[in-house]
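Chemist: Attaching a single structure in C-alpha cells format; questions to follow.
The values are calculated or read from the model by the stated rules, or taken from the named source; none is laboratory data. Since we're looking at a predicted model, the values are computed, not measured. When we count neighbours, we look across all protein chains shown, and the Cβ atoms used for this are built from the backbone with ideal geometry, even at glycine. In case anyone asks, the SASA skips ligands and DNA or RNA and just uses the protein heavy atoms, side chains included. Shrake-Rupley method; radii C 1.70, N 1.55, O 1.52, S 1.80 Å.
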Amino acid sequence: LHTYFEHIDYNPIASASIAQVHRARIIGGKEVVLKVQRPDISANIESDIAILKSLANVINQYFPQYEAFQPQELVRMFEISILKELKFTAEATNIVRFQKQFAKHPDVYVPAVYPEYTTNKVLCMEYIDGFKITDLKAIEESTGLTGQDLAKKGIDLYFEQIFRYGYFHADPHPGNIFVMKNTGQICFIDFGMMGFVLPKDQERIADLLLSISRRDVQ
C-alpha cells in the first residue's frame with residue numbers, strides 16, 4: 001500500500017452490502033477514495049443466489065398464482081446484475097463511458113477514476129467534496145438551488161441518459177448522488193449498476209410519457 005499511497009484512512013466513510021469506502025491520498029497528493037470489496041463476499045452471494053433459485057423453483061411449482069411475476073426470471077436478472085457489480089474494473093469502465101457522455105455538460109460532474117490503482121476488488125476514484133442530494137438547506141445556501149431546481153435537473157439528466165444515450169445510472173438512491181459545492185453540478189457515484197435502453201424501447205417509453213402528459217389512457 002505504501003508504494004502507491006501516502007495515507008489511507010482505515011475508518012470507512014461509507015459502507016454497503018458488498019464493499020466499504022475509505023479516504024486515501026495517492027503519492028503526489030491527490031485525494032481519492034478506495035472502494036474495497038468485502039472478504040469472501042463472492043462466496044456469500046453465490047450461496048444467496050442458490051437459495052433464491054430454490055425458492056423461485058418452489059414458487060413456480062406450488063404457487064401458480066404468482067407465475068405472472070416470473071420468479072425464476074427475476075432471480076436470473078438479479079444474478080446477472082449483482083455479479084457485474086462484483087467486478088470493479090467493469091465499474092471503472094462504466095465511469096469512463098459516463099465521463100465521455102457528459103464531458104461538456106454544464107450540469108454534470110463525473111469523478112475521475114484511476115485504473116492504475118484499480119483491480120476487480122479495489123476501485124480507486126476521485127474524492128468528491130459535495131453535498132448529499134438530500135441536504136437541501138446546505139445546497140441552497142451554497143449554490144442557490146432549491147429542491148424544485150434539483151428535481152428538474154435530475155429529471156432532465158435522466159431523460160438525457162435514457163433518450164439520448166440509452167445508457168443510464170441505474171442505482172440513483174440519495175447516497176449515490178451529490179451536489180458539488182459552489183457550482184451546483186450533479187455528481188453521480190457508484191457506477192456498478194448501469195442500465196441500457198434499446199432504440200425501440202426508447203420510442204415506446206417516449207410514447208408512454210407523452211400519453212401520460214396528454215391523459216391518453218388508450
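Chemist: Scan the strands (runs of 3 or more DSSP E) fully inside the range 151-199 and keep the ones with 1 or more residues being closer than 22 Å to residue 138 by Cβ and among the aromatic types (Phe, Trp, Tyr).
Modeler: Details: elements: 167-169, 177-180, 186-188, 194-196.
By residue number, 177-180, 186-188.
Chemist: Still on this structure, please answer the following. Please pick out the residue among 120, 182, 176 that is open to solvent by 70 Å² or more (accessible area, probe 1.4 Å), polar (S, T, N, Q) and under 17 Å from residue 92 (Cα atoms).
Modeler: Being open to solvent by 70 Å² or more (accessible area, probe 1.4 Å), polar (S, T, N, Q) and under 17 Å from residue 92 (Cα atoms) holds for just one of 120, 182, 176, which is 120.
Chemist: Please tell me if residue 7 is at pLDDT 95 or above, of a type outside the set (Val, Ile, Thr) and not in a helix (DSSP H, G or I).
Modeler: So residue 7 fits the description; yes.
Chemist: Additional query: Among the listed residues 59, 128, which satisfies the condition of being in contact (Cβ under 8 Å) with a residue 12 or more places away in the chain, open to solvent by less than 40 Å² (accessible area, probe 1.4 Å) and touching a Phe, Trp or Tyr at 6+ places or on another chain (Cβ under 9 Å)?
Modeler: 128
Chemist: Same structure again: Name the single residue that is nearest to residue 182 (Cα to Cα) among those in the range 134-150 being part of a helix (DSSP H, G or I), open to solvent by less than 50 Å² (accessible area, probe 1.4 Å) and free of Cβ contacts under 8 Å to residues at least 40 places away in the same chain.
Modeler: Looking at the filtered set, the residue picked out is 138.
Chemist: Going through 73, 6 one at a time, which residue ends up being among the acidic types (Asp, Glu), over 19 Å from the mean Cα position of the chain (by Cα) and open to solvent by less than 70 Å² (accessible area, probe 1.4 Å)?
Modeler: The conditions single out 73.
Chemist: Name the single residue, out of those in the range 93-117 being within 19 Å of residue 171 (Cβ to Cβ) and without any contact (Cβ under 8 Å) to a residue 60 or more places away in the chain, that is most open to solvent (accessible area, probe 1.4 Å).
Modeler: So the residue we want is 93.
Chemist: On the given criteria, is residue 18 modelled with pLDDT under 95, in contact with a strand residue (DSSP E or B) (Cβ under 7 Å, 6 or more places away or on another chain) and either over 20 Å from residue 193 (Cβ atoms) or open to solvent by less than 40 Å² (accessible area, probe 1.4 Å) (or both)?
Modeler: It is true that residue 18 is modelled with pLDDT under 95, in contact with a strand residue (DSSP E or B) (Cβ under 7 Å, 6 or more places away or on another chain) and either over 20 Å from residue 193 (Cβ atoms) or open to solvent by less than 40 Å² (accessible area, probe 1.4 Å) (or both).
Chemist: Given the conditions (1) at pLDDT 95 or above; (2) out of contact with any strand residue (DSSP E or B) (no Cβ under 7 Å at 6 or more places or on another chain); (3) in a helix (DSSP H, G or I), which single one is not true for residue 95?
Modeler: Answer for residue 95: the failing condition is (2).
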